[in-house]
1. Would you confirm whether or not region 161-171 contains a residue that is in contact with a helix residue (DSSP H, G or I) (Cβ under 9 Å, 6 or more places away or on another chain), more than 22 Å from residue 99 (Cβ to Cβ) and modelled with pLDDT under 95?
2. Quick one: would you say residue 128 is within 19 Å of residue 273 (Cα to Cα) and out of contact with any helix residue (DSSP H, G or I) (no Cβ under 6 Å at 6 or more places or on another chain)?
3. Here are the criteria: (1) touching a helix residue (DSSP H, G or I) at 6+ places or on another chain (Cβ under 8 Å); (2) closer than 30 Å to residue 156 by Cβ; (3) surrounded by fewer than 19 Cβ atoms within 10 Å (Cβ to Cβ); (4) modelled with pLDDT under 90. Tell me which single one residue 288 does not satisfy.
4. Exactly one condition in (1) surrounded by 24 or more Cβ atoms within 10 Å (Cβ to Cβ); (2) farther than 17 Å from residue 30 by Cα is not met by residue 234; state its number.
5. Please enumerate the residues belonging to region 205-216 that are modelled with pLDDT under 95 and under 20 Å from the mean Cα position of the chain (by Cα).
6. Any residue at all in region 132-140 that's closer than 30 Å to residue 77 by Cα and touching a residue at least 24 places away in the same chain (Cβ under 8 Å)?
7. For the structure I just gave you, tell me whether residue 206 is closer than 30 Å to residue 74 by Cβ, free of Cβ contacts under 8 Å to residues at least 60 places away in the same chain and either assigned to a helix (DSSP H, G or I) or touching a helix residue (DSSP H, G or I) at 6+ places or on another chain (Cβ under 9 Å) (or both).
8. Of the residues 253, 249, 262, only one is in contact with a strand residue (DSSP E or B) (Cβ under 9 Å, 6 or more places away or on another chain), closer than 20 Å to residue 187 by Cβ and buried (at least 19 other Cβ atoms within 10 Å of the Cβ); which?
């Protein structure tokens with residue numbers, strides 16, 4: 001499997017200076033997994049909300065952009081050193097393009113699909129992109145194959161997809177590829193967690209504001225009560241945009257991609273279980289089996305023969 005990436009120290013951020021480094025990493029990835037499950041649920045729920053997808057996308061990016069904007073001056077030099085292709089990999093891989101694909105795919109499928117086909121297939125996406133970009137072949141071909149079997153089983157177990165369009169699945173798998181780009185873009189980027197959050201939030205916010213203000217993208221943000229918007233503020237703006245952008249970068253720096261992917265495999269299962277009481281989604285035995293296959297494949301794929309710490 002892939003070797004663990006390293007996020008160099010910047011502006012005082014030095015993992016080696018933290019004595020409880022593994023514990024911090026595990027806590028960070030645990031929070032990230034819970035946020036990912038919330039992302040799947042809120043992304044699916046957004047299709048039936050009064051807020052438009054553009055509104056939710058703005059909430060997702062504008063909140064961290066405002067929170068981290070005061071930290072921008074001290075990180076200008078670091079951001080200027082970031083190569084353009086890494087800007088693109090990070091900003092597109094987990095920013096507006098990623099969310100757009102995930103939201104459109106979620107509107108046509110379910111929260112279970114959002115969790116399983118994005119977080120669950122990330123190891124496959126990372127392996128494919130690593131081979132395409134770096135010509136590095138993955139060692140764990142069998143576990144990756146198990147993930148693909150689980151994806152096929154999930155599609156087969158979804159009667160609504162068999163009767164309708166499979167475009168939602170294609171959109172979610174495309175979002176997974178973008179998330180793989182984001183994961184690889186962090187490797188050796190030189191960004192600290194706040195710098196990473198700025199790269200994610202600022203470009204998306206600067207693109208969305210004029211599109212929503214001019215009506216190119218529809219918006220109901222001014223017509224929705226705060227109570228109606230609050231679930232998306234908490235799940236997307238604070239959870240995904242603010243918290244997970246920090247915790248995921250911290251987890252990768254301390255545990256490496258492999259361990260993060262293994263623990264992240266729990267996100268699809270958590271999202272599938274929570275979708276039953278929260279979104280009233282049906283969870284058939286076939287769907288449960290498919291999600292378990294995907295989770296098992298991810299865990300096996302994330303057990304390299306030798307992993308070097310960041």
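1. Going through region 161-171, the residues in contact with a helix residue (DSSP H, G or I) (Cβ under 9 Å, 6 or more places away or on another chain) turn out to be 161-162, 164-171.
Among the residues that remain, those that are also more than 22 Å from residue 99 (Cβ to Cβ) are: 162, 164.
Retained after the next criterion (residues that are modelled with pLDDT under 95): 162, 164.
Yes, because at least one residue in region 161-171 is in contact with a helix residue (DSSP H, G or I) (Cβ under 9 Å, 6 or more places away or on another chain), more than 22 Å from residue 99 (Cβ to Cβ) and modelled with pLDDT under 95.
2. Values: within 19 Å of residue 273 (Cα to Cα): no; out of contact with any helix residue (DSSP H, G or I) (no Cβ under 6 Å at 6 or more places or on another chain): yes.
When the stated conditions are applied, residue 128 does not pass them.
3. The number of the failed condition is (4).
4. (1)
5. none
6. Residues of region 132-140 that are closer than 30 Å to residue 77 by Cα, as a first pass: 133-134.
Retained after the next criterion (residues that are touching a residue at least 24 places away in the same chain (Cβ under 8 Å)): 133.
Scanning region 132-140, I find at least one residue that is closer than 30 Å to residue 77 by Cα and touching a residue at least 24 places away in the same chain (Cβ under 8 Å), so the answer is yes.
7. Values: closer than 30 Å to residue 74 by Cβ: yes; free of Cβ contacts under 8 Å to residues at least 60 places away in the same chain: yes; either assigned to a helix (DSSP H, G or I) or touching a helix residue (DSSP H, G or I) at 6+ places or on another chain (Cβ under 9 Å) (or both): yes.
Against the criterion (closer than 30 Å to residue 74 by Cβ, free of Cβ contacts under 8 Å to residues at least 60 places away in the same chain and either assigned to a helix (DSSP H, G or I) or touching a helix residue (DSSP H, G or I) at 6+ places or on another chain (Cβ under 9 Å) (or both)), residue 206 qualifies.
8. Answer to the selection: 253.
The values are calculated or read from the model by the stated rules, or taken from the named source; none is laboratory data. Since the model is a prediction, treat every value here as computed from it, not as a measurement. Reconstructed Cβ throughout: ideal geometry from the backbone, glycine too, with neighbour counts over all protein chains shown.
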